[in-house]
Structures are given as C-alpha cells and as structure tokens.
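Participant: Can you read through this structure? Questions will come right after.
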Amino acid sequence: MSIVQLKKKRASRGIQSIDTGIRLLEVMEKAEGPLALKELSARAELDPSGAHRYLASFARCGLVVQSPDSRYDFGPLALRLGLAAMQRIDPVQATERALPALVDETGFTALLAVWSNRGPTVVHWQRTGDLVTSLNLGSVLPVARSSLGRMLVAFLPERVTAETLAQEAKREKIDREAFEREVERARKSRLSYADNTVIPGLHAAASVVLGWNGEAVAAVALISPDEELARPNNAAALALRRLCDRLSRESGSPPLPVAA
C-alpha cells in the first residue's frame, strides 16, 4: 500500500475515540432527562470508568454538565451548537433543491406548499414538460379536500390550523368525521391522496417535511393525470415519502415511527 493510500485509509477511519464519545452524546439526546453515570455508560455500551473520562472532558468545554445529584445532561455549549445548527438549516430551501431529482425519479410534477393563514399555499413548482394546470405560485388549496391540506393539518398544532379550517367550513360543507379519519390516516402513514376533483384533471399524493420540533414545515405533492398516483402506497408516493423522511431527519426531526 502506498503512503497516499495509507493516509486516505486513515482519514476515512476517523478518530475512534471521538466516535466512542459521540455514543454517549447520542444516548443523552435520546434520553428524556439527565442520566446517572451507570445508566449512561450502560446504554452507550461502555464501561463506567471509560465513560467518566469522556464526560469529564465534555464537562470542561461545556458540552455536558453534572448536576448536584451527579447526573449528566447537556451543557451550554450543546445549546449554542443546537441553536446555530437550527439557524443554518432551512428545510424549505433543502426541499426545493431535492425536487428535481424526485421529478426525474417519478416522472410526475412536484409542488411544494407551506401553511399560511389562508391554508396550504404553493411556494415552488418543479414541472414536467407536458403538464398544464391553472395552479400558480401563491395558489391556495382547500384544507379539507386536498392532500397537501390534510398532510399539513396532521402535523401542525390545532391552534395553528383551526381558524383557517373554520373559515373554509363557512364556504363549503366539510364532513368532519371523514376529514378526521383522513387526517389520522395521513398522520400514521405520512402520505395523503386526492382524486381529480380537487385540481380538475389531476390526481395527487402528498407527504410532509418535519422540523426539529416534529411539526410540519412544508408538504410536497406529486400531481398527474394518472389516476394510479392516488392509489395507496403506489411507487411514486413511496419515493416521495422516502425523500420527505430524509429531509425531516436532516432538519433535526425527532425519530420517525415506522409508517403504517
């Protein structure tokens, strides 16, 4: 093996001691509160004496703190790092950048929507060449009938969506029981579908991008005249969900349950 190859191999391996220390931080991130050394080291699969040395180093730089009862939790440096990461991550822009590859993979037009005080609002298109529709940037879709609306309602607090939904109910009749069933289905599967009665001539499948707090920051829909797109768990919808799940993880979302 040449010197260059040896250096590349060493670089790809990284620093094992850092990898080991990160295991402790990952255990703390998944815990619901401070942990004692014994429990923390056991969850990280480290011996307590070794774990203590890592924690002592982390404590010196402020990455962790030790409470009076000797339990460990994240310290001020961890908070500053988290806030800096949140400020630099823009899930909506990341989703925009990911849409061309999704359109290439599925062959369907994709649109990106966010929640506004009027409901699900289109903020970005990634079109296929032959699709014609009356939708434009800034178009607002129905909350109760559209796949994007149900997807966003499923992952936003009721206090955010209730007023908009109430206003929509004054304009058109909403079957509340059917709507709640669709929202619950969307919450469990992270997929929602709509037939061609919402956007004339176009079927849709939608999924959601979640932020660090587990709430929706955006929803993405694929649209097409092909009625197959509105069938549950079709290949394009599953590809859409995989993309949105990845974007959610990259945005710091809490762990996602297995989709029903």
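Participant: If one computes P(r) from the Cα atoms of the range 39-161, what percent of pairs lie at distances over 24 Å?
Facilitator: 55 percent
Participant: Along its principal axes, what span do the Cα atoms of the chain show, with the longest given first and each in whole Å?
Facilitator: If we take the Cα atoms of the chain, the spans are 65, 53, 30 Å.
Participant: Between the alpha-carbon centers of the range 209-237 and the range 89-131, tell me the distance in whole angstrom.
Facilitator: The range 209-237 and the range 89-131 have Cα centres separated by 10 Å.
Participant: Of R185, R246, R176, which has the largest mean-square fluctuation in a 10 Å C-alpha GNM of the chain?
Facilitator: Most flexible of the set in this elastic network: R176.
Participant: Show me the three semi-axes of the equivalent ellipsoid for the range 97-186, from the C-alpha gyration tensor (sqrt of 5 times each eigenvalue), largest first, rounded to whole Å.
Facilitator: Result for the range 97-186: semi-axes of 26, 14, 12 Å.
Participant: Testing the spin-label approximation: label points 7 Å from Cα along Cα→Cβ at R231 and A162. State their distance in nm.
Facilitator: 4.1 nm
Participant: Can you work out the PRE-style zone for K188? Point 7 Å along Cα to Cβ, and I want the residues of the range 233-252 with backbone N under 17 Å.
Facilitator: Backbone N within reach: 233-234.
Participant: Could you work out the equivalent-ellipsoid semi-axes for the range 151-260, taking the square root of 5 times each eigenvalue of the Cα gyration tensor, largest first, in whole Å?
Facilitator: So the equivalent ellipsoid measures 22, 20, 11 Å along its semi-axes.
Participant: A further question on this structure: Which of V143, A169, F108 sits closest to the plus end of the dipole of the chain, meaning its Cα is farthest towards the positive end, when Lys and Arg get +1 and Asp and Glu get -1 on the C-beta?
Facilitator: F108
Participant: Might you work out the accessible area of E182 for me, using a 1.4 Å probe with all protein chains in place, and round it to the nearest 10 Å²?
Facilitator: Taking all protein chains as shown, E182 has close to 70 Å².
Participant: Subtracting the Cα-Cα distance from 0.36 nm times the residue separation, let me have the gained length for K173 to C61 in nm, one decimal.
Facilitator: Contour length minus Cα-Cα distance gives 34.4 nm.
Participant: Continuing with the same structure: Using heavy-atom solvent-accessible surface (probe 1.4 Å) with all chains present, what is the largest-first order of W212, W115?
Facilitator: The ordering from most to least exposed comes out as W212, W115.
Participant: Follow-up. How much length would be gained if the chain were fully extended between K30 and D47, taking 0.36 nm per residue of separation minus their Cα-Cα distance, in nm to one decimal?
Facilitator: 4.2 nm
Participant: Using a 1.4 angstrom probe on the protein heavy atoms only, line up Y72, Y54 by accessible area, largest first.
Facilitator: If we order Y72, Y54 from most to least accessible, we get Y54, Y72.
Participant: Let me understand the range 150-211 better: what is its radius of gyration from the alpha carbons, and its Dmax, in angstrom?
Facilitator: Every Cα atom of the range 150-211 included, Rg and Dmax give 12.2, 33 Å.
The values are calculated or read from the model by the stated rules, or taken from the named source; none is laboratory data. Quantities reported herein were computed from a predicted structural model and do not represent experimental measurements. Positions of Cβ are generated from backbone atoms using ideal geometry, with glycine treated the same way; all protein chains shown enter the neighbour counts. Note: accessible area is taken over every heavy atom of the protein model, side chains too, but ligands, DNA and RNA are not part of it. Shrake-Rupley method; radii C 1.70, N 1.55, O 1.52, S 1.80 Å.
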